[in-house]
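Report on the following structure.
The values are calculated or read from the model by the stated rules, or taken from the named source; none is laboratory data. Note that the coordinates shown come from a computational prediction; the quantities given were computed from them, not determined experimentally. Neighbour counts run over all protein chains shown; Cβ positions are idealised from the backbone, glycine included.
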Amino acid sequence: MTVSRIDAHFDEITEPLTFYQNVSPSKEIRDASNEAESLIRDFGVECSMRLDVFKAKVAAKENIKASGQWEKLSSEEQRLVEKMVIDTLLSCTIIGSHSR
């Protein structure tokens, strides 16, 4: 579940940067906020397409199940693990097909 905590922390840091594009009276700050949003989005796309990250998530899920820890996870934690693997798979498939 550490990955989901890191994602949440990343959002806590980056969301205020992109907020200024909608509220700042300064054109320079709005432009900088737009650029930050573009860089954050590009970073997210790049991260979501990494094959090594996908393989690590699949391996982690398999290790959790093989160790017997899967049953000790709450249903919400199990769904989170499943969703993380599926989201990465879908990102690689969808984005990868557009780049061909």
>> Kindly evaluate ALA8 against the criterion of being surrounded by 11 or more Cβ atoms within 10 Å (Cβ to Cβ) and under 18 Å from the mean Cα position of the chain (by Cα).
In response: no
> How about the stretch 1-41: which of its residues are assigned to a helix (DSSP H, G or I) and either in the same structural domain as ASP87 (by TED's automatic domain parsing) or in contact (Cβ under 8 Å) with a residue 40 or more places away in the chain (or both)?
Replying inline: VAL3, SER4
> Tell me, which residue of the stretch 46-66 that is in a helix (DSSP H, G or I), touching a residue at least 12 places away in the same chain (Cβ under 8 Å) and surrounded by 11 or more Cβ atoms within 10 Å (Cβ to Cβ) is nearest to the chain's Cα centre (by Cα)?
Replying inline: SER48
>> The conditions are (1) at pLDDT 90 or above; (2) among the aromatic types (Phe, Trp, Tyr); (3) under 18 Å from ASP11 (Cβ atoms), and PHE43 fails exactly one of them. Which is it?
In response: (1)
>> Need the failing condition index for GLU76 against (1) modelled with pLDDT of 95 or more; (2) under 17 Å from SER4 (Cα atoms), just the number.
In response: (1)
